[in-house]
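K.L.:
This is the structure, below, for whatever I ask next.
The values are calculated or read from the model by the stated rules, or taken from the named source; none is laboratory data. These numbers come from a predicted model, not from an experiment. Counting neighbours? That spans all protein chains shown, and the Cβs are built from the backbone with ideal geometry, glycine included.
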Amino acid sequence: MIELSDLPAVNATLNAISFVLLVVGYRCIKRKNIAAHKACMMSAFGVSILFLTSYLTYRFLGEEKRFGGTGWIRPVYFTILITHVLLAVTVPVLASRTLYLALRGRFEQHRRIARWTMPIWIYVSITGVVVYVLLFRLYGPMAEPVG
């Protein structure tokens, strides 16, 4: 049984899977393997829906964690986090629109928006893993102040 405290690791895993599917899907389309590209992208979209469900569950029910790193890593972490969050809010809209256009056979429009969607989605996926590693594995959450 998955506990609420397991969800950050689940989320990072789903982000990593999404990243791999996106990269493989990109390589497939570059090689003109449309069926494999479609399978990878549909899978990445499905994994991202699972991620979003798990992430929102943790955000609403889990404890908020404050970054415990100090020194030079602190501004690095917050730069990654801020860019990750700002771009992450665009992924559901961009990915949905990109997928919609492909499924409707509007491939020229699909290609135009995919040129934006793909790098943003890849960045968000990989930085999601980086944020998890920094917050939960390397530096841990900041201790809550006493009093």
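K.L.:
Return the pair list, or none, for Cβ contacts closer than 7 Å from residues in the stretch 26-47 that are β-branched (Val, Ile, Thr) to residues that are in a helix (DSSP H, G or I), at least 6 apart or on different chains.
P.N.:
Here the result reads Ile29/His37; Val47/Leu14; Val47/Ile17; Val47/Ser18; Val47/Leu21, each pair linking the stretch 26-47 to a residue that is in a helix (DSSP H, G or I).
K.L.:
May I ask you to verify whether Arg104 is among the basic types (Lys, Arg) and at pLDDT 95 or above?
P.N.:
For Arg104, the condition - among the basic types (Lys, Arg) and at pLDDT 95 or above - is met.
K.L.:
Sticking with this structure for a sec: Residues in the stretch 43-65: is at least one at pLDDT below 95 and in contact with a strand residue (DSSP E or B) (Cβ under 8 Å, 6 or more places away or on another chain)?
P.N.:
yes
K.L.:
Going through the stretch 107-147 one residue at a time, which ones are at pLDDT 95 or above and of a type in the set (Asp, Glu)?
P.N.:
Residue satisfying the conditions is Glu108 alone.
K.L.:
Which residues, taken from the stretch 1-23, are surrounded by 15 or more Cβ atoms within 10 Å (Cβ to Cβ) and farther than 29 Å from His37 by Cβ?
P.N.:
Leu7, Pro8 - these are the residues of the stretch 1-23 that are surrounded by 15 or more Cβ atoms within 10 Å (Cβ to Cβ) and farther than 29 Å from His37 by Cβ.
K.L.:
Hey, does the stretch 46-67 have a residue that's β-branched (Val, Ile, Thr) and outside any helix (DSSP H, G or I)?
P.N.:
no
K.L.:
Could you go through the stretch 12-28 and let me know if any residue there is of a type in the set (D, E, K, R), touching a strand residue (DSSP E or B) at 6+ places or on another chain (Cβ under 7 Å) and either under 17 Å from Val133 (Cα atoms) or modelled with pLDDT of 95 or more (or both). Even if it seems obvious, please write down each step before you answer.
P.N.:
So in the stretch 12-28, the residues of a type in the set (D, E, K, R) come out as 27.
So of that shortlist, the ones also touching a strand residue (DSSP E or B) at 6+ places or on another chain (Cβ under 7 Å) come out as none.
Among the residues of the stretch 12-28, not one is of a type in the set (D, E, K, R), touching a strand residue (DSSP E or B) at 6+ places or on another chain (Cβ under 7 Å) and either under 17 Å from Val133 (Cα atoms) or modelled with pLDDT of 95 or more (or both), which makes the answer no.
K.L.:
From Leu134, Leu86, which residue is over 19 Å from Ala44 (Cβ atoms) and touching a residue at least 40 places away in the same chain (Cβ under 8 Å)?
P.N.:
Criteria check complete, one pass: Leu134.
K.L.:
Another one. Take the stretch 86-120 and flag every residue that is in contact with a helix residue (DSSP H, G or I) (Cβ under 9 Å, 6 or more places away or on another chain) and either closer than 18 Å to Val10 by Cα or assigned to a loop (DSSP other than H, G, I, E, B) (or both).
P.N.:
Ala88, Thr90, Arg104, Arg106
K.L.:
To continue, here is another question. Inside the stretch 28-45, can you point out the residues that are in a helix (DSSP H, G or I) and either among the aromatic types (Phe, Trp, Tyr) or surrounded by fewer than 17 Cβ atoms within 10 Å (Cβ to Cβ) (or both)?
P.N.:
Within the stretch 28-45, Lys30, Ile34, Ala35, Ala36, Lys38, Ala39, Met42, Phe45 meet the criteria.
K.L.:
I'm checking my understanding of the structure. Among residues of the stretch 78-105 that are among the β-branched types (Val, Ile, Thr) and over 15 Å from Ile122 (Cα atoms), which one is farthest from the chain's Cα centre (by Cα)?
P.N.:
Step one: filter the stretch 78-105 for residues among the β-branched types (Val, Ile, Thr), giving 79-80, 82-83, 85, 89-91, 93, 98.
Narrowing the set further to residues that are over 15 Å from Ile122 (Cα atoms) leaves 79, 82.
Working: Thr79: 16, Ile82: 13 Å.
Only one residue tops the list, namely Thr79.
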